[in-house]
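Before anything else, here's the structure in question.
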Amino acid sequence: MSYLASHPLRVATLLGGHVEIVAVALAVALLIAVPLGLFAARRPRLSPWLLGTLGAIYTIPSLALLAVLVRAFGLGFAPIFVALVVYAQFMLARNVVAGIAGVDPAQVDAARGLGMSPLQVLLRVEFPQALPVMIGGVRIAAIAMIAIATLGGYVGGVGLGVLIFNGLTLHQPQMIVAGSVTASALAVAVDALLRLVERRFATA
Amino acid sequence: MAELWAHVAQHLTLAGAALALALLAGLPLGVLAAESAGLRGGVLALAGVGRTLPSLAVLMLLLPWLGVGMAPAIVALALLAIPPIVISVDLAIRGVPAAALDAAAGMGMTPLQRFARVVVPLALPVSFSGLRTAATETIASATLATFIGAGGLGDEIVRGLQTDDAALLFAAAAVVAALALGADLALGAAGRIVAPRT
């Protein structure tokens, strides 16, 4: 804890970098996963294959995928960013498919009967009903991404992992503990926050 | 190549020992959560927090107390594997139909007999899904054990990166990915085999 007390600014800056890379990667991942999930949700025969493939990629240990990405992109921001976007696909797309599958078919029929276009049905009926499950996916993805981003300290000099890996190199246990505790606290806080959001949309 | 196989063996030892420890602690905790309404909240809340902690952070947090090497890595990996086991065992036991328990009681089974002959077989498939998650994650997280000097395939990946040896890097990454995928598929199949036929 003493490192946290003596270098609050350093820890805060790295925490900011950690949040930033996870947030930006999550936004980019959503831009890919939501259309992908909607596409899969409409094709019941294709979706097990798509989710199976994404699931298999998700099973690959992050250090292994990251090492391959470092070969491809070099050290820095890029490999960790790409790894985060790739890993998030499974959790995000899976919950989009599950959310859409859980929509009450009677309400979709009723909306069509009212003369709504497919886009209107999607935006006004399916999306609002699927939202809590989708937010659940965002929560699980965000937690996993916060964990994977700690490796950004190893390959890119980004995020709280910098404290962990610099601490290892410099034999500074206090630095390692500061990085680990802050990353853990961030994960627990984001989990709690997104659970609140999830509950709010579930009751609405 | 010989060194790669030695690291595979080391990796499996790390993951296997951690999973065995996690089962020893996780199974009773899961049963406790399912059977005791008073303790369930606390046990599951703790498991929930454990589920959100980054694995690298857990490996590193033990470092000042337990030092480096295989033993602290096994302890950390076991701590990471306990929550999915506890959560799924609790879910599995509470999912056993009340009608099956009533029927067993009606047949004159003692609580212990009911647990052994009704609860355990019916709860096994869902419990297995937790073990599957724990096993896949443990094999993945064991790669990070290299950073606390515990060996395993993480050693090969790190060496491949440091020496810019693409062949070594890809071989190690492929082997560790194959181990994780293989464990996932094998335990998925095992889970279907232990499912009671209805």
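When both residues are 6+ apart or on different chains and their Cβ atoms are under 7 Å apart, which pairs have a first residue that lies in segment B:143-162 and is at the interface with another protein chain (Cβ under 7 Å from one of its Cβ atoms), and a second that is small (Gly, Ala, Ser) and outside any helix (DSSP H, G or I)?
Qualifying pairs under 7 Å: B:THR143/B:GLY152.
Now, a different point. Name the residue, out of A:LEU75, A:LEU36, that is among the aliphatic types (A, V, I, L, M) and crowded, with 16+ Cβ neighbours inside 10 Å.
That would be A:LEU36, the only listed residue that is among the aliphatic types (A, V, I, L, M) and crowded, with 16+ Cβ neighbours inside 10 Å.
Follow-up. Confirm whether B:VAL86 is outside any helix (DSSP H, G or I), in contact with a Gly (Cβ under 7 Å, 6 or more places away or on another chain) and touching a residue at least 40 places away in the same chain (Cβ under 8 Å).
In short, no.
Moving on. Can you tell me which residue among B:LEU185, B:LEU131, B:LEU122, B:LEU112 is surrounded by fewer than 18 Cβ atoms within 10 Å (Cβ to Cβ), away from chain A (no Cβ under 14 Å) and modelled with pLDDT of 90 or more?
Going through B:LEU185, B:LEU131, B:LEU122, B:LEU112 in turn, the sole match is B:LEU112.
Which of the helices (runs of 4 or more DSSP H) found entirely inside segment B:105-198 contain at least 1 residues meeting this: within 27 Å of A:LEU54 (Cα to Cα)?
B:120-141, B:153-162, B:166-194
A further question on this structure: Out of all the residues in segment A:106-153, which are closer than 21 Å to A:ARG199 by Cβ and β-branched (Val, Ile, Thr)?
Within segment A:106-153, A:VAL133, A:ILE135, A:VAL138, A:ILE140, A:ILE143, A:ILE146 meet the criteria.
Which residue, of B:VAL75, B:VAL49, is β-branched (Val, Ile, Thr), within 11 Å of chain A (Cβ to nearest Cβ) and within 17 Å of the chain's Cα centre (by Cα)?
B:VAL49
Something else: Would you point out the residue of segment A:173-191, among those that are at the interface with chain B (Cβ under 7 Å from one of its Cβ atoms) and small (Gly, Ala, Ser), that is nearest to A:LEU163 (Cα to Cα)?
The qualifying residue nearest to A:LEU163 (Cα to Cα) is A:SER180.
The values are calculated or read from the model by the stated rules, or taken from the named source; none is laboratory data. Since this is a predicted model, take the numbers as computed values, not measurements. Note: ideal-geometry Cβ built from the backbone for every residue, glycine included; neighbour counts use all protein chains shown.
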